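The numbers here are math on the coordinates, done by the rules we state, and not lab data. Predicted model only: the values in this text are computed from it and were never measured. Backbone-built Cβ (ideal geometry, glycine too); neighbour counts: all protein chains shown.
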Amino acid sequence: MIEISDITKTYGSGETAFQALSGVSFAVKDGEFLAIMGPSGSGKSTLMHILGCLDTPTSGTYRLDHKDVSLLSDEELAEIRKEKVGFVFQAFNLLPRTTVLRNVMLPLVYADVPKDARQRKAERALHAAGLSETHFTHRSNELSGGQIQRVAIARALVNDPTLILADEPTGNLDTKTGEIVLGTFQKLNREEGRTIILITHEYEVAQHAKRIITIRDGRIVSDSSAHEQRLTDAS
């Protein structure tokens with residue numbers, strides 16, 4: 001699904017230039033659950049922006065579903081984001097006085113989905129994200145943090161994207177609620193075959209994925225299965 005080859009990203013120029021990514025290469029298969037882990041300033045957020053077509057690399061190649069997106073225009077990148085990528089952010093980014101159902105339906109409005117199909121698609125996405133029907137008519141500011149994040153997951157699913165990008169999705173949640181949300185991602189990957197990339201600075205969060213890429217100072221320092229990482233830690 002994803003092929004990243006020798007990606008670099010430089011901000012600024014001359015003496016003030018800063019290289020956020022330095023020759024990053026990896027591939028992601030359809031149906032993988034990958035965590036990209038690193039401390040603040042490691043380059044993981046820059047990499048997420050490139051993966052989500054929110055930014056373009058300075059050099060290198062990024063192919064998504066066999067299309068070289070590193071060469072696309074801003075309009076073409078917006079179309080990729082609308083059709084192929086679902087985002088889940090730490091800050092939720094829901095409309096607080098709008099019902100759960102309408103929050104999830106909103107991307108379908110922008111995608112010109114017919115009105116009679118929007119509710120069916122939104123309800124299906126909410127069920128997949130593990131939210132009870134009793135909450136569909138609640139306003140998002142009436143829900144718990146974990147429930148709100150599951151609404152955000154449903155919103156990411158509603159356009160049936162090729163890729164789900166979750167940026168620190170448990171950052172505003174307590175540990176128990178975070179485990180529930182991470183379990184939702186695991187279920188989506190296991191039962192629906194969703195391709196998920198989880199961005200995090202926490203090792204305990206990354207362990208919920210099947211594969212972990214660790215990035216530091218703009219370079220990949222390790223790439224292994226979560227099981228292999230646990231064995232390494234134990235030895």
Using only the alpha-carbon atoms, how far is helix 100-110 inclined from the longest principal axis of the chain? Give it as 0 to 90 degrees, nearest 10. 60 degrees
Report ³J(HN,Hα) in whole Hz for each residue of segment 5-15, in order, from the Karplus equation J = 6.51 cos²θ - 1.76 cosθ + 1.60 where θ = phi - 60°; Gly and Pro get x. 10, 6, 6, 10, 9, 10, 9, x, 8, x, 5
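Sorted by mean Cβ packing within 10 Å, highest first, what order do the peptides 112-120, 38-46, 210-218 take? The partial results should precede the final answer.
On the way: 112-120: 11.6, 38-46: 18.0, 210-218: 19.9.
Answer by packing, highest mean first, reads 210-218, 38-46, 112-120.
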Sequence neighbours fewer than 8 away in the same chain don't count; with that in mind, list the aspartates and glutamates whose C-alpha is under 14 Å from K9. D55, D217
Using amide H atoms built 1.01 Å from N in the peptide plane, name the residues 5+ places from R194, or on other chains, whose amide H lies under 5 Å from its own. N189
Place +1 on the Cβ of every Lys and Arg and -1 on the Cβ of every Asp and Glu in segment 2-234, take the dipole about the Cα centre, and give the residue among Q186, L126, L77 whose Cα lies farthest towards its positive end. L126
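Net charge near D74: determine it from the other residues with C-beta under 11 Å of the C-beta of D74, scoring Lys and Arg +1 and Asp and Glu -1. Kindly include the intermediate steps, with their values, before the conclusion.
Working: positive: R81; negative: D55, E75, E76, E79.
Local net charge: -3.
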In debye, nearest 20, what is the charge dipole magnitude of the chain about its Cα centre with +1 on Lys and Arg Cβ and -1 on Asp and Glu Cβ, if you could check? 640 debye
Compare L54, L34, L21 in a GNM of the chain, Cα atoms joined below 10 Å, and give the one with the largest fluctuation. L54
If I fit a long axis through the Cα atoms of helix 145-157 and take the longest principal axis of the Cα atoms of the chain, what angle between them do I get, 0 to 90°, rounded to 10? 80 degrees
Pairs K67/K187; K29/K84; K29/K82: which are spaced more than 26 Å apart, C-alpha to C-alpha? K67/K187
May I ask you to derive the relative contact order of the chain, considering only C-alpha pairs under 8 Å and at least 6 residues apart, and to give it as an integer percent? 28 percent
Along the charge dipole of the chain, pointing to its positive end and built from +1/-1 on Cβ of Lys, Arg, Asp and Glu, which listed residue (A166, T99, V24) has its Cα farthest out? T99
Given unit charges at Cβ for Lys, Arg (+) and Asp, Glu (-), the dipole magnitude of segment 97-235 about its Cα centre in debye, nearest 20, is 460 debye
So the angle from the long Cα axis of helix 115-128 to the longest Cα principal axis of the chain, reported in degrees to the nearest 10, equals 70 degrees
Just G130, G52, G12 to compare: in a GNM of the chain, with alpha carbon springs under 10 Å, which one fluctuates most? G12
